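The values are calculated or read from the model by the stated rules, or taken from the named source; none is laboratory data. This structure is a prediction, so every number in the text was calculated from the model and none was measured. A quick note on method: Cβ atoms are made from the backbone with ideal geometry, for glycine too, and the neighbour counts reach across all protein chains shown.
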Amino acid sequence: MEDLLIQRATRKQAAVAGVFALLILLTLAIAAPRAQLALPPVAPFLPMCALTVFTTACIAAFLLSARFAATRQLMLCALGGAYAYTAVAVALQLLTFPGVITPSGLFGAGPHSSGWIWVFWHGGFPLLVMLAALIRERVKQRPVNPAHVNSWAWALIGGPVAIAVVLGAIAIHLPLPQALNPAADAGNLSSDHTALVILLLNLVAIVVVLSTGRLRSLLDLWLAIAVLTCFIDTCLNLLSADRFTVGWYIGRVFSMLAPGILVCVLVWEVTVLYRRMSEAYASLLQSSVLDALTRIYNRTYFNDQLRKEFDRAKRSASPLSLIMFDVDYFKRYNDEYGHLQGDACLKAVANALAGVVRRPSDFVARFGGEEFALVLPDTDAQAASAIAERARQAVVLLGLGAPTQLGCVTVSAGCATHEHGMLASPDELVSAADAALYAAKRAGRNRVQRAGAE
């Protein structure tokens, strides 16, 4: 099935992504001058934000790895690693952040541990996205050998997770200096080399994603938006290191958007693929029960459905009628007009018989060759004979020329009805209708014969 993520984006999709990007940049332009403006503190906001980022990043990593397993596109695996790295980093930052769980953070974290984990998070994610984009550029979307799928998954998803854990351990257990400028100097980034490196990494990631993907596919569009939101998150947090400021709040919102955007796209893709799969399955199921030539039900459907209707009739003590039709002198018709014209004749007869059906429970099936069957639940013998006569007349009214005495195509019909437990099985009902059909043919054809009425 077509991979929607890497198909060419439509104009509408590109326009939606463009509007989203403009709104993000507009938010930065409005929020940046007010980044250090204090707002009322909302203590649960930080853990809520971190848990949201962790959850959405885990979902993104899982969905991307699942798409990699299905399509074997290496870039998807590498992107899954980037989001798995983010999930581990944000979890470690939450656990080590002073005052969230314990006054000094868990695992013996120092005063600067959570700050360094934030640096590793916002520097590592763009690096891993660049790696994914460069991998895509190098392999040119060639699928990975199926035998190597697990190896690549361990390397490109397990590797970043291990790196995040190692960097977290370094931030916690080594006596590192303060990661970024103190709050009093926030916004003065020219002298903060760590902040400049992180900003540069995010900008380079945007350039790499734009230059390698050129916004051609749906994945290119929304990956660029995800990297842009990470850049905005980084900018606003660097402009205001104090908690509960405009920059701090909005930066946290953008940190949730970075994985959340791609999760929405991936969920949309899964929904579309599921709908298409359901439609394909329904079409396949429909095709499997239809006769290829006449497009009415085939013999397999007839056998299964007749058995179900017979069992239901026995349980409810209701009548079940079966009419068997045979196109009169069809071999002579084929010999005279050819098989192509014979096929057209069978199609026309099938349509005429189907036109007699009035209730949803009734159905016509091609029994084989030039024979057709009409199943009529809850129909007694007299009503079935009347329907068979209408069907016979409908075929005559087609006016199809035939090398017969009447000069047109006709059918013979045999009716049989199961009622009052008189028949033991569906096969007996078929045999009774078939015997009535041959009685009609012996009697001169182009007529209806009821079982047991010879």
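Considered as a group, the residues in the stretch 185-211 that are of a type in the set (S, T, N, Q) and surrounded by 18 or more Cβ atoms within 10 Å (Cβ to Cβ) include one that is modelled with the lowest pLDDT, and that residue is THR194. Is at least one residue of the stretch 323-339 small (Gly, Ala, Ser) and without any contact (Cβ under 8 Å) to a residue 60 or more places away in the chain? Yes, that holds for at least one residue. State whether the residues of the stretch 243-255 include one that is outside the structural domain of LEU28 (by TED's automatic domain parsing), more than 30 Å from the chain's Cα centre (by Cα) and crowded, with 18+ Cβ neighbours inside 10 Å. No, the stretch 243-255 contains no residue that is outside the structural domain of LEU28 (by TED's automatic domain parsing), more than 30 Å from the chain's Cα centre (by Cα) and crowded, with 18+ Cβ neighbours inside 10 Å. Considering ARG11, ARG34, the condition of being without any contact (Cβ under 8 Å) to a residue 60 or more places away in the chain and assigned by TED's automatic domain parsing to the domain that holds THR229 is satisfied by ARG11 alone.
Which residue is surrounded by the most Cβ atoms within 10 Å (Cβ to Cβ), if the candidates are limited to the stretch 388-418 and must be part of a strand (DSSP E or B) and either of a type in the set (Phe, Trp, Tyr) or free of Cβ contacts under 8 Å to residues at least 24 places away in the same chain (or both)? Going through the qualifying residues, I end up with CYS408. Does GLY99 qualify as being surrounded by fewer than 18 Cβ atoms within 10 Å (Cβ to Cβ) and either at positive phi or not assigned by TED's automatic domain parsing to the domain that holds LEU131 (or both)? Considered against the rule, which asks whether it is surrounded by fewer than 18 Cβ atoms within 10 Å (Cβ to Cβ) and either at positive phi or not assigned by TED's automatic domain parsing to the domain that holds LEU131 (or both), GLY99 comes out as yes. For the stretch 267-308, the set of residues classified as surrounded by 13 or more Cβ atoms within 10 Å (Cβ to Cβ), basic (Lys, Arg) and more than 30 Å from ALA57 (Cα to Cα) consists of ARG295, ARG299, ARG307, listed by residue number. Looking across the stretch 21-47, the residues that are outside any helix (DSSP H, G or I) and more than 41 Å from the chain's Cα centre (by Cα) come down to ALA35, GLN36, LEU37, ALA38, LEU39, PRO40, PRO41. Looking across LEU374, LEU400, LEU406, one residue alone is out of contact with any strand residue (DSSP E or B) (no Cβ under 9 Å at 6 or more places or on another chain) and not hydroxyl-bearing (Ser, Thr, Tyr). It is LEU406. Residues of the stretch 269-312 that are touching a residue at least 24 places away in the same chain (Cβ under 8 Å) and either aromatic (Phe, Trp, Tyr) or part of a loop (DSSP other than H, G, I, E, B) (or both): ASP291, LEU293, THR294, ARG295, ILE296, TYR297, ASN298, TYR301, PHE302, PHE310. Selection of the stretch 357-387 for residues being surrounded by 20 or more Cβ atoms within 10 Å (Cβ to Cβ) and in a loop (DSSP other than H, G, I, E, B) yields GLU370, THR379. Please verify whether THR71 is assigned by TED's automatic domain parsing to the domain that holds GLY251, surrounded by fewer than 23 Cβ atoms within 10 Å (Cβ to Cβ), modelled with pLDDT under 90 and within 39 Å of the chain's Cα centre (by Cα), treating the condition exactly as stated. When the stated conditions are applied, THR71 passes them.
Condition check ((1) out of contact with any helix residue (DSSP H, G or I) (no Cβ under 6 Å at 6 or more places or on another chain); (2) over 22 Å from LEU51 (Cα atoms); (3) in contact (Cβ under 8 Å) with a residue 24 or more places away in the chain) across all residues:
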position	(1), (2), (3)
LEU106	no, no, no
TRP118	no, no, yes
LEU134	yes, yes, yes
PRO160	no, no, yes
ALA164	no, no, yes
LEU174	yes, yes, no
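Please give the number of the condition THR194 fails out of (1) over 23 Å from the mean Cα position of the chain (by Cα); (2) within 23 Å of THR27 (Cβ to Cβ). Status for THR194: all satisfied but (2). A residue that is in a helix (DSSP H, G or I), modelled with pLDDT under 95 and more than 19 Å from the chain's Cα centre (by Cα) can be found somewhere in the stretch 6-13. Contact map, the stretch 216-244: residues that are farther than 15 Å from ALA60 by Cβ paired with residues that are among the hydroxyl-bearing types (Ser, Thr, Tyr) and buried (at least 24 other Cβ atoms within 10 Å of the Cβ), Cβ distance under 6 Å, separation 6+ or inter-chain. Pairs shown: ASP233/SER255.
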